[in-house]
Amino acid sequence: MGMGQQPWLALIIGNSRWHWGAFQGNGPSAASDGADWLGAWHTPPLSKTQVHQLVQGRFAIAPWQHLDLDPTMLPSRLATVLDGGLTGEDSPELWMASVVASPLAWLADYPALHRVETGQVPLQNTYPTLGVDRALALLGAGETWGWPVLVIDCGTALTFTAGADRRLLGGAILPGLRSQLRALHGHTDQLPEVALRADPWPPRWAMDTADAIASGILHTQLAGIRDFIQAWETDWPTGSVVLTGGDSAVIHRAMVDQAPVLAQRVKLDLDLGFWGLRICRQQGWPPL
């Protein structure tokens, strides 16, 4: 297998989960192409010991299986490619971005590591504290779905990040759905802990406390998202809107039910950060 078709890995370490992706080769950045995309999987934060096990096993399938994770978690194409696609003693490239500091040291000695920081993402007008995950998602969205673009990341935090022509326009941050649910329980004496429930969507006028909490948080967050989209489309009427993040499917489903015309104008793409890392690799930055 030629070097151009070697498998390589992408890792985006978030606040509550680690997001993994795998590619073979370095094809076009369009998500619809998909020829080199092997798939994504997500894990809880790994320990230092678990990371060392993966590194020692060159991220092949066997060490993954020893981590006692859900066996259906890994993409079906990954086992064949990683176990059969490596040549000699090569370690697959690992392109990594992290918003958490501690795991960086655990992977520092991996021989094929490419660590991407915000300043290395090919975007203009960024600022030092912009999260690398937001920068990569914006780059991936713009190059995949077209500029200008508004990225709405529905994760631990709900973030709005806007850009045009590989230039950051700005954004906003507020607590995500699950963060709001946990905060309301954690900072009050008698309000219960409520799990995120999207099917069915909670009634707006609830008749018990748990449903009232879910209604307040879910409906007001959806209203806030709709307001930001309206403001975006006023300023950039030809711009795209893309939802991403762990709770984006929940939000998009509610949009389809409650604002179907708006939902038709919104794309759902869970892998924007990986498209951004692929663009960094295509441009050869950062080098080993």
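Key figures for this structure:
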quantity: Qualifying residue in the stretch 217-230 (condition: under 17 Å from Val149 (Cβ atoms) and in contact with a His (Cβ under 8 Å, 6 or more places away or on another chain)); calculated: no
quantity: The stretch 164-179: number of residues that are farther than 13 Å from Leu130 by Cβ and open to solvent by less than 30 Å² (accessible area, probe 1.4 Å); calculated: 4
quantity: Residue pairs meeting the criteria (Cβ under 6 Å; at least 6 apart or on separate chains; first more than 19 Å from Gly276 (Cβ to Cβ), in the stretch 100-119; second open to solvent by 60 Å² or more (accessible area, probe 1.4 Å)); calculated: Trp106/Lys48
quantity: Any pair with Cβ under 8 angstrom, 6 or more apart, that starts in the stretch 36-56 at a residue that is closer than 18 Å to Trp8 by Cα and ends at one that is hydroxyl-bearing (Ser, Thr, Tyr) and crowded, with 16+ Cβ neighbours inside 10 Å; calculated: Val55/Tyr110
quantity: The listed residue being under 30 Å from Trp18 (Cα atoms), open to solvent by less than 10 Å² (accessible area, probe 1.4 Å) and in contact (Cβ under 8 Å) with a residue 24 or more places away in the chain, out of Leu268, Leu272; calculated: Leu272
quantity: Boolean, Trp201 is open to solvent by less than 60 Å² (accessible area, probe 1.4 Å), hydrophobic (A, V, I, L, M, F, W, C), at pLDDT 95 or above and not in a strand (DSSP E or B); calculated: no
quantity: In the stretch 231-263, the residues that are in a helix (DSSP H, G or I) and polar (S, T, N, Q); calculated: Thr234, Ser248, Gln258
quantity: Subset of the stretch 110-163 [open to solvent by 10 Å² or more (accessible area, probe 1.4 Å), among the small types (Gly, Ala, Ser) and within 15 Å of the chain's Cα centre (by Cα)]; calculated: Gly131, Gly155, Ala157
quantity: Options Asp211, Asp227; residue that is loosely packed, with under 12 Cβ neighbours inside 10 Å, among the acidic types (Asp, Glu) and in a helix (DSSP H, G or I); calculated: Asp227
quantity: Within the stretch 190-241, tally of residues that are under 18 Å from Val266 (Cα atoms), free of Cβ contacts under 8 Å to residues at least 24 places away in the same chain and among the hydrophobic types (A, V, I, L, M, F, W, C); calculated: 2
quantity: Gln24 modelled with pLDDT under 90 and either over 23 Å from Gly246 (Cβ atoms) or surrounded by fewer than 17 Cβ atoms within 10 Å (Cβ to Cβ) (or both); calculated: yes
quantity: Hey, Val250 open to solvent by 10 Å² or more (accessible area, probe 1.4 Å) and either free of Cβ contacts under 8 Å to residues at least 12 places away in the same chain or touching a strand residue (DSSP E or B) at 6+ places or on another chain (Cβ under 7 Å) (or both) or not; calculated: no
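The values are calculated or read from the model by the stated rules, or taken from the named source; none is laboratory data. Just so we're clear, the structure is a prediction, and the values are computed from it rather than from any experiment. With ideal geometry, Cβ positions are generated from the backbone for all residues, glycine too; neighbour counts draw on all protein chains shown. Accessible surface is based on the protein model in full, side chains and every heavy atom, while ligands, DNA and RNA are left aside. Shrake-Rupley method; radii C 1.70, N 1.55, O 1.52, S 1.80 Å.
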